[in-house]
Amino acid sequence: MARVVVQEAAFDLGAEFAALTAGRRDIGGIGAFVGTVRELSGGQRLEAMTLEHYPAMTAASLSHIAAEAERRWDLLGCTLIHRIGRLEPGAPIVLVLAAAAHRDAALAATGFLIDWLKTRAPFWKKECFADGDAHWVEARAEDDAAAARWSEPG
Amino acid sequence: MSAPSLHILYFAWLRERLGLGEECLMLPEGVDTVGTLIAWLRGRDDRYGAIFADGRVVRCAVNQEFAGPDTPLAAGDEVAFFPPVTGG
């Protein structure tokens, strides 16, 4: 069963790692991805980013994405945490952990989870700049291409 | 019997452009899919016309599941309109 959380507060990578692996002797590798707020955006310096989501849909959407990863790989656990609200440059936004008996599954599932999350989970980023300029981030074709790598034939 | 209604939600720039996060709507006559709802909303006023203008990429979910123009609608459904997602 995946651990799926949407929260305003920062997450504790060490605590999440410990919770995922506590008492487990069957895990052989854990893949981890942490997404953080990058200061430079299109040559402008970001003051902060605000993350909005669709509360009634978000948790179900993340659980569905995690279930799809569990269907494709033999995972021994996975964790998906996404933050919402106002986040400043350097702040962590998203955490993906995937545990498996072997590294191939752990690393592949980690890549799959973040790629699908970026194109399927109902979150939207608004960038705010020091000069008062603010705009909603547009979806990137590169993210669609990254997610498409995981489409199954047929 | 309560009147047949739709609960409609708007997110990100659609919410800001409309100045509205959600609304309830009596199911208009002839509206039975996402596509016919969009056509009906477009005809309502310029703000709706602008957010659903040609060339604007707007995604939709019905009852919290991604939906397309042909997805059927019925009274009591929750319909959400939003831009392509940008989380992660």
Name the residue that is nearest to the other protein chains (Cβ to nearest Cβ), counting only residues in the stretch A:57-77 that are among the aliphatic types (A, V, I, L, M) and crowded, with 16+ Cβ neighbours inside 10 Å. A:57
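Just to check your reading of the model, which residue among B:42, B:47 is away from chain A (no Cβ under 14 Å) and in contact (Cβ under 8 Å) with a residue 12 or more places away in the chain?
On the way: B:42 fails: in contact (Cβ under 8 Å) with a residue 12 or more places away in the chain.
After applying the criteria, what remains is B:47.
Looking only at the stretch A:13-37, count how many residues are within 12 Å of chain B (Cβ to nearest Cβ) and either surrounded by fewer than 17 Cβ atoms within 10 Å (Cβ to Cβ) or under 13 Å from residue A:117 (Cβ atoms) (or both). Lay out the reasoning, then the answer.
Keep residues of the stretch A:13-37 that are within 12 Å of chain B (Cβ to nearest Cβ), which gives A:33-37.
Then drop every residue that is not either surrounded by fewer than 17 Cβ atoms within 10 Å (Cβ to Cβ) or under 13 Å from residue A:117 (Cβ atoms) (or both), which leaves A:33-36.
Counting residues in the stretch A:13-37 that are within 12 Å of chain B (Cβ to nearest Cβ) and either surrounded by fewer than 17 Cβ atoms within 10 Å (Cβ to Cβ) or under 13 Å from residue A:117 (Cβ atoms) (or both) gives 4.
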When only residues in the stretch B:58-67 that are touching a residue at least 24 places away in the same chain (Cβ under 8 Å) and within 10 Å of the chain's Cα centre (by Cα) count, which is farthest from residue A:123 (Cα to Cα)? B:62
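The rows are residues; the columns are (1) within 12 Å of the chain's Cα centre (by Cα); (2) free of Cβ contacts under 8 Å to residues at least 12 places away in the same chain; (3) in a strand (DSSP E or B); (4) surrounded by 15 or more Cβ atoms within 10 Å (Cβ to Cβ).
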{"residue": "B:8", "(1), (2), (3), (4)": "yes, no, yes, yes"}
{"residue": "B:23", "(1), (2), (3), (4)": "yes, no, yes, no"}
{"residue": "B:38", "(1), (2), (3), (4)": "yes, no, no, yes"}
{"residue": "B:56", "(1), (2), (3), (4)": "no, yes, no, no"}
{"residue": "B:69", "(1), (2), (3), (4)": "yes, no, no, no"}
{"residue": "B:88", "(1), (2), (3), (4)": "no, yes, no, yes"}
Where in the stretch A:22-125 are the strands (runs of 3 or more DSSP E), entirely inside, with at least 3 residues that are touching a Ser or Thr at 6+ places or on another chain (Cβ under 6 Å) and within 26 Å of residue A:148 (Cβ to Cβ)? A:92-100
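Please tell me if residue A:134 is more than 14 Å from chain B (Cβ to nearest Cβ) and small (Gly, Ala, Ser).
Working: more than 14 Å from chain B (Cβ to nearest Cβ): no; small (Gly, Ala, Ser): yes.
Taking the combined requirement at face value, the residue does not satisfy it.
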Lone unmet requirement of (1) modelled with pLDDT of 95 or more; (2) over 29 Å from residue B:17 (Cα atoms); (3) among the aromatic types (Phe, Trp, Tyr) for residue A:150: (1)
Matching residues, the stretch A:126-138, being modelled with pLDDT of 90 or more and in a loop (DSSP other than H, G, I, E, B): A:133, A:137, A:138
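Conditions (1) crowded, with 18+ Cβ neighbours inside 10 Å; (2) within 14 Å of another protein chain (Cβ to nearest Cβ); (3) under 22 Å from residue A:13 (Cβ atoms), marked per residue:
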{"site": "A:49", "(1), (2), (3)": "yes, yes, yes"}
{"site": "A:79", "(1), (2), (3)": "yes, no, yes"}
{"site": "A:94", "(1), (2), (3)": "yes, yes, yes"}
{"site": "A:124", "(1), (2), (3)": "yes, yes, no"}
{"site": "A:140", "(1), (2), (3)": "no, yes, no"}
Tell me which of these residue A:88 doesn't satisfy, since it passes every other one: (1) charged (D, E, K, R); (2) under 15 Å from the mean Cα position of the chain (by Cα); (3) within 22 Å of residue A:12 (Cα to Cα); (4) surrounded by fewer than 22 Cβ atoms within 10 Å (Cβ to Cβ). (2)
Qualifying residue in the stretch B:46-64 (condition: among the acidic types (Asp, Glu) and in contact with a helix residue (DSSP H, G or I) (Cβ under 8 Å, 6 or more places away or on another chain)): no
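The values are calculated or read from the model by the stated rules, or taken from the named source; none is laboratory data. These numbers come from a predicted model, not from an experiment. All Cβ positions, glycine included, derive from the backbone under ideal geometry; neighbour counts span all protein chains shown.
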